[in-house]
Amino acid sequence: MQQAKKTGPAAIELHNVHLSLGQGAARVHILKGISLQIAQGETIGLVGPSGSGKSTLLMVMAGLERPDRGDLKIDGQALATLDEDRLARFRGEKIGIVFQSFHLIPTMTALENVAIPLELAGRPRPFEQAAAELAAVGLAHRRDHYPAQLSGGEQQRVALARALAPAPSILIADEPTGNLDGATGTEIIDLMFALRRERGATLVLVTHDLALAERCDRKIPLRSGEIETDATTTAVTSATAPH
Ligand SMILES: Nc1ncnc2c1ncn2[C@@H]1O[C@H](COP(=O)(O)OP(=O)(O)OP(=O)(O)O)[C@@H](O)[C@H]1O
Ligand SMILES: [Mg+2]
């Protein structure tokens, strides 16, 4: 049978999400009524000026910040109904995150860093699988190296392997090439797109690189905590772009 396009619930669904962070006078209303739907397997380039709320929106989508108001569903599951323990487990299984500054644990080897989420999720043979994940990002020969012994590009490969190891349905990346030179960044992005396609994961990517955003199925432009609705900036211009 021909592979049918996945139906079912949206990968990510936000309805009128508001979020303020900070205390007292430093409190900032960051997200101001964000509504969006991201389909399973879709790739999204989240773009916008510095301070527009991109990272904050990613944190909400990842279940790391709870909205003050509005609804959030991941794969049809309303996150507001989950207590902290169940939310943490849900996150661990459904969502992989890659940050600009890698966020590896410095006292652990590459292999151990990749094995952590597998151990936490109670998966069988976490180290064997972690080794396979490292091989998938081309780092089989660096498994016993510590982060400080790895180049920036290698560290980001480890972070990518760690994010994808639990087979999340959603991969979230916040400026994953921001600390890398152009050529290394391109390698990481090529790898990220290839692996996410292989595994059918949804990708939400924050980037300042417009060429990179163009590689996504859809761009979502954020400005001052709101999605810009100007049709010329939200049009799907790259549906046929190679991934
Ligand atoms: N914990 C916090 N407390 C108070 N204000 C915050 C907090 N986190 C972020 N902000 C503010 O919220 C706004 C959005 O921040 P955010 O990090 O989401 O922006 P961004 O679009 O990711 O920017 P950049 O492109 O520079 O990474 C900024 O004005 C920031 O100062
Ligand atoms: Mg940011």
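The values are calculated or read from the model by the stated rules, or taken from the named source; none is laboratory data. What you are looking at is a predicted structure, and each value in this text was computed from that prediction instead of being measured. No Cβ is skipped: glycine too gets one built from the backbone with ideal geometry, and neighbour counts run over all protein chains shown.
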- Item | Residue in the range 168-176 that is in contact with a helix residue (DSSP H, G or I) (Cβ under 6 Å, 6 or more places away or on another chain), in a helix (DSSP H, G or I) and buried (at least 19 other Cβ atoms within 10 Å of the Cβ) present | no
- Kindly list the number of the only condition in (1) touching a Leu at 6+ places or on another chain (Cβ under 8 Å); (2) within 16 Å of ligand 2 (Cβ to nearest atom); (3) free of Cβ contacts under 8 Å to residues at least 40 places away in the same chain that fails for residue 59. (1)
- Of all helices (runs of 4 or more DSSP H) fully inside the range 44-131, the set with 1 or more residues that are away from ligand 1 (no atom under 16 Å from the Cβ) and surrounded by fewer than 17 Cβ atoms within 10 Å (Cβ to Cβ) is 84-94, 110-120
- Hits in the range 132-142 - residues which are assigned to a loop (DSSP other than H, G, I, E, B) and buried (at least 19 other Cβ atoms within 10 Å of the Cβ): 137, 139
- Return yes when residue 36 is assigned to a strand (DSSP E or B), away from ligand 2 (no atom under 11 Å from the Cβ), aliphatic (A, V, I, L, M) and out of contact with any Pro (no Cβ under 8 Å at 6 or more places or on another chain) and no when it is not. yes
- Item | Near pairs, Cβ below 9 angstrom, 6+ apart or cross-chain, from the range 196-213 (under 19 Å from residue 137 (Cα atoms) and at pLDDT 95 or above) to any residue that is part of a helix (DSSP H, G or I) and aromatic (Phe, Trp, Tyr) | 203/193
- Query: Just for the range 166-185: of the residues that are closer than 27 Å to residue 53 by Cβ and more than 14 Å from the chain's Cα centre (by Cα), which one is nearest to ligand 1 (Cβ to nearest atom)?
  - Reply: 178
